[in-house]
Amino acid sequence: MLEVKNLHATIAGKEILRGINLTINDGEIHAIMGPNGSGKSTLSAVLTGNPLYEVTAGEAWFNGKNILEMKPEDRAHEGLFLSFQYPVEIPGVSMTNFLKAAVNEKRKYQGQPELKAGDFLKLMNEKRKVVELDSKFTRRSVNEGFSGGEKKRNEIFQMAMLEPKLAILDETDSGLDVDAMRVVADGVNKMHTPETSAIVITHYERLLDMIKPDVVHVLYKGRIVKTAGPELAKEIEQRGYDWIKAELEEE
Ligand code: ADP
Ligand code: MG
Ligand code: MG
C-alpha cells in the first residue's frame with residue numbers, strides 16, 4: 001500500500017523529516033505517536049503533497065506509484081485521504097455541492113461516469129449514518145459555524161464519502177470528548193476493510209483502545225525511533241516519552 005524510504009523534507013529551509021522509513025500493507029492500521037514538533041503533521045503534509053514542504057531526499061510509493069511526483073489532487077484520486085487537525089471552513093459552499101464535486105472528480109479520474117443526483121443522495125445518506133451526522137449539516141456551508149466535534153465528525157463523513165485506500169487521521173481526536181471520539185473511532189472501524197489502511201496520528205492511548213492499531217510508531221526529531229505493537233501506546237500513556245529519548249541518548 002505505502003512504502004516510504006529515507007524520506008527527508010524541509011520547510012523554509014529547515015530540515016524537519018530526517019529519513020523516514022515506513023511500510024504499510026493492505027488492511028493495516030498504523031498509529032504514529034511522538035512529542036509535539038516531531039514532524040508528524042509534516043509527514044502527513046508531505047505525503048499528501050502540501051506545496052509548503054520541499055522533499056530533499058527519499059521516496060514514497062503508494063500502490064506502486066511514485067506519489068512524490070504526483071499533484072496533490074491526483075494523490076487524493078488515487079485513494080489518499082488526509083483528515084486535518086484543524087479543518088477549514090468554506091463559507092458559501094454547501095457540504096452537498098462540495099462532496100458532489102469531490103466524489104465526481106475522483107470518479108472522472110478513475111474513468112467512471114458522474115453519479116446521478118439520486119444515487120449521490122443515496123450514497124450521502126448511507127455514509128451520513130456511519131458517523132451519525134444529522135442531515136441538516138449537508139445543507140450548510142462546509143464547516144461554517146460547526147463546533148469542534150461537528151467538524152471532526154464531518155471530516156470522517158467526507159472520508160466515508162471518498163472511500164480512501166489509505167486514510168491519514170492527524171490528531172482527529174484532539175479537542176474531542178469521549179462520546180465524539182467514539183463516533184470518530186466507530187466511523188473509522190466501520191470503513192476499515194482488508195483492502196484499506198489507515199495512519200492514526202494521536203497523543204492518546206484512549207483513541208487507540210477504540211481503533212486497534214496493528215503497529216505503533218514513535219516519531220521523534222524527524223525519524224521513526226521506535227516501532228512495536230499496541231502495547232507501546234499503553235507504555236507511552238503511562239511513562240511519556242522521556243524513556244525513549246534516554247534510550248536514544250544511550251545509543
Ligand atoms: P508535530 O505534528 O509532530 O507536532 P510538525 O510536523 O507540525 O510536528 O512540526 C515539525 C517542526 O516543523 C516543528 O519544529 C515546527 O516548529 C516546524 N515548522 C512547522 N511549520 C513551520 C514553518 N512554516 N516554518 C518553520 N518551521 C515550521
Ligand atoms: Mg486491520
Ligand atoms: Mg501535528
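Which of the pairs LYS100/LYS190; LYS40/LYS108; LYS108/LYS226 have their Cα atoms more than 29 Å apart in this structure?
In this structure, LYS40/LYS108; LYS108/LYS226 exceed 29 Å between Cα atoms.
What is the extension gain from GLU15 to GLU105, computed as 0.36 nm multiplied by their sequence separation minus the C-alpha to C-alpha distance, in nm to one decimal?
Full extension from GLU15 to GLU105 adds 29.0 nm.
Where the only charges are on Cβ atoms (+1 Lys, Arg; -1 Asp, Glu), what is the dipole of the range 67-175 about its Cα centre, to the nearest 20 debye?
It works out to roughly 480 debye.
With r as the distance between the Cβ atoms of HIS203 and ASN50 and R0 = 25 Å, compute the FRET efficiency 1/(1 + (r/R0)^6) and round to 0.05.
Once rounded, the FRET efficiency stands at 0.70.
Looking at the chain, send over the antiparallel percent of its DSSP beta bridges, to the nearest 5.
Percentage antiparallel, nearest 5: 60.
Return the distance in nm (one decimal) between the two label points of a simple spin-label model at ASN125 and ARG182, each offset 7 Å from Cα along Cα→Cβ.
Once both label points are built, they end up 2.7 nm from each other.
Where the centre of each part is set by its Cα atoms, how far does the range 64-105 sit from the range 138-211, in angstrom?
Cα centroid to Cα centroid, the span is 15 Å.
Give, in nm to one decimal, the length gained when the segment between GLU231 and ALA246 is fully stretched (0.36 nm per residue of separation minus the Cα-Cα distance).
Extra length from GLU231 to ALA246 when fully extended: 3.5 nm.
Relative contact order for the chain: what percent, with Cα pairs under 8 Å and sequence separation of 6 or more?
Taking the mean separation of contacting Cα pairs over the length of the chain, I get 27 percent.
Just to be sure I understand: with springs between alpha-carbon atoms less than 10 Å apart, which residue in ALA76, ALA57, ALA198 has the highest mean-square fluctuation in the Gaussian network model of the chain?
ALA57
State the extension gain, in nm to one decimal, for the chain segment bounded by ASN36 and TRP61, taking 0.36 nm per residue of separation less the distance between their alpha-carbons.
6.4 nm
Can you classify the range 24-73 as rounded, prolate or oblate using the Cα gyration tensor, where a ≥ b ≥ c are the square roots of its eigenvalues, rounded means a/c under 1.5, and otherwise it's prolate if a/b beats b/c and oblate if not?
oblate
Read the figures in this text as sums done on the coordinates, not as results from a lab. Note that the structure is a prediction, hence the values are computed from the model and not measured. Counting neighbours? That spans all protein chains shown, and the Cβs are built from the backbone with ideal geometry, glycine included.
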